[in-house]
Amino acid sequence: MSALACIIGGKAIAVAAGVFTLGWTHSVEKTEWQERWAVTAKGLVLQEARVQGSGAGMEPGENARRQGRWWAWTPDLPPLPELVLAASGATISGWTLCDVAGCRELAAQSQEPIVLRPCDLPKLSRNGQEE
């Protein structure tokens, strides 16, 4: 089963997420941006990007369509082997990572960059032991 590995300061945490949303608030424009990613055998696939406004590098992508207060579009990118998220602590907020288990904030404080990449979850036997 594919999952998302979140590597922070050399420690890896498996997040059971076939699909996850990564969001942040632009530090100058105070505009929200979200991306929906799928964890696949080929890598991380960007399925959709959404932004609430425009300006300072936050322009909606090609063929964007209005959905309520968001501009949404499907970027044309190949699968990526990993995402590297800066963690300066100098922005308005950290990154928000959401999946079926809920949302968590990453990198609100200054630290090493965070790496997100696909990983395989170990298979568990009926008694809960790794196979």
query: In the stretch 49-59, which residue that is modelled with pLDDT of 80 or more and either surrounded by fewer than 17 Cβ atoms within 10 Å (Cβ to Cβ) or in contact with a Gly (Cβ under 9 Å, 6 or more places away or on another chain) (or both) is nearest to residue 85 (Cα to Cα)?
result: 49
- prompt: Does the stretch 94-105 include one or more residues that are at pLDDT below 85, at positive phi, out of contact with any Phe, Trp or Tyr (no Cβ under 8 Å at 6 or more places or on another chain) and surrounded by fewer than 18 Cβ atoms within 10 Å (Cβ to Cβ)?
  reply: no
- prompt: Restricting the search to the stretch 16-32, which residues are buried (at least 18 other Cβ atoms within 10 Å of the Cβ) and at pLDDT below 90?
  reply: 17, 24, 26, 32
- request: Read through the list (1) closer than 17 Å to residue 24 by Cβ; (2) out of contact with any Phe, Trp or Tyr (no Cβ under 9 Å at 6 or more places or on another chain); (3) modelled with pLDDT of 90 or more, then give the number of the only condition that residue 81 fails.
  value: (1)
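The values are calculated or read from the model by the stated rules, or taken from the named source; none is laboratory data. Computed from a prediction, not measured in an experiment: that's the story for all the values here. Glycine gets a Cβ as well: all are built from the backbone with ideal geometry, and neighbour counts include every protein chain shown.
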